[in-house]
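Everything on this sheet refers to the single structure shown next.
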Amino acid sequence: MALIGVIGAGVMGVGVAQNLAQTGHDVVLVDKDEQILKEALETIARNARMSRLMGGPALDADEILSRITTSVGVGGAAEAEVVIENVTENWEVKRAVHEELDKVCGPDTVFVVNTSAIPITKMASITQRPDKVVGVHFMNPVPAKPACELIPGFHTSTETVERTRDLLKAMGKKAIDVKDACGFVSNRVLMLTVNEAAYLVHEGVATAESVDEVFRSCFGHPMGPLETADLIGVDTILYSVEVLYEHYADSKYRPCPLLKQMTDAGLHGRKSGRGFYTYN
Ligand code: NAI
């Protein structure tokens, strides 16, 4: 089975690496320091052991971990046939990672960009292989979600799109074709909703609990927007809304100051133990 590089071992990288390994792929998981990678492997082992209890399939944690190696720095992904990049939603961070990947990977390696909002054509433009760069907007938690958005950039070849669609199918995912517009389909809508929900709390119109209850009890949503923000990461929400605001120059995307304050204060949601709610 071909080696897949998973770049970034945060919320999404952990999910992508687990999903790949549990569907029989060999993975090299990359981040910028050893401690993050150690914690990522622990999270994958815990998630695999809990899978059945949480309504998922029974998984063999040891078998999954046996398919994952780790590397500090992208050099470890040099032999990968495909790299799936899941680093922080920040243009400068992603740009630096893609420039480096472009130097270390072979000319045929496909670059999959997992982003909430950054246009794929812009990301591809900083590589020497824009035909081999494609966007996949995975959903969180990755192993549990049956579909994702598949986004070709302006120069992405049909071969790259179809190779990626095949890989997604092998991961158990349906690819939904979407054009390359900042935020794609899901986050043009979701980020607006979450940002507006944060404004309701910021303005004292309702508590986070009440906002979420309206969505759960009145609309029948399984989760409210602020619970969703905690799942995604409050910092990731802020960065995504900032990308949308800058790109469209439209005041409807003005980032809520509460999201900024929470991000600065380290209230990043589930991953930091506290966001709109507190977690054990
Ligand atoms: P995160 O903040 O949990 O993880 C980002 C990871 O990237 C961190 O572990 C960080 O150490 C690593 N990183 C940063 N710079 C690096 C570098 N130079 N080399 C290697 N690793 C580096 O972020 P998260 O939530 O995993 O998001 C990743 C991407 O996926 C973002 O672009 C985000 O917009 C997108 N996304 C997030 C979703 C979510 O629900 N959190 C859903 C779909 C897409």
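Among the residues of the stretch 215-250, those that are free of Cβ contacts under 8 Å to residues at least 40 places away in the same chain and among the aliphatic types (A, V, I, L, M) comprise MET223, LEU238, ALA249. Annotation: of all residues in the stretch 102-113 being closer than 22 Å to ILE36 by Cβ and surrounded by 23 or more Cβ atoms within 10 Å (Cβ to Cβ), the one that is nearest to the ligand (Cβ to nearest atom) is VAL113.
Within the stretch 88-106, residues that are closer than 10 Å to THR127 by Cβ reach partners that are in a helix (DSSP H, G or I) and near the ligand (Cβ under 8 Å from one of its atoms) with beta carbons closer than 6 Å, at six or more positions or on different chains, in the pairs LEU101/VAL74. In the set (1) touching a helix residue (DSSP H, G or I) at 6+ places or on another chain (Cβ under 9 Å); (2) away from the ligand (no atom under 16 Å from the Cβ); (3) of a type in the set (S, T, N, Q), the condition left unmet by SER240 is number (2). Scanning the stretch 1-32 for residues being within 9 Å of the ligand (Cβ to nearest atom) and over 13 Å from the mean Cα position of the chain (by Cα) gives a total of 3.
When you check SER240 against the structure, is it surrounded by fewer than 19 Cβ atoms within 10 Å (Cβ to Cβ) and under 29 Å from TRP91 (Cβ atoms), yes or no? No, not satisfied. Where helices (runs of 4 or more DSSP H) fall wholly inside the stretch 1-71, the ranges with 1 or more residues that are assigned by TED's automatic domain parsing to the domain that holds ASN86 and of a type in the set (D, E, K, R) are 34-50, 61-66.
Answer yes or no as to whether ALA40 is away from the ligand (no atom under 12 Å from the Cβ) and touching an Asp or Glu at 6+ places or on another chain (Cβ under 8 Å).
No, not satisfied.
The set of residues in the stretch 114-160 that are crowded, with 17+ Cβ neighbours inside 10 Å and among the aliphatic types (A, V, I, L, M) comprises ALA117, ILE118, ILE120, MET123, ALA124, VAL133, VAL134, VAL136, VAL142, LEU150, ILE151.
The values are calculated or read from the model by the stated rules, or taken from the named source; none is laboratory data. This structure is a prediction, so every number in the text was calculated from the model and none was measured. So basically every Cβ, Gly included, is an ideal-geometry build from the backbone, and we count neighbours across all protein chains shown.
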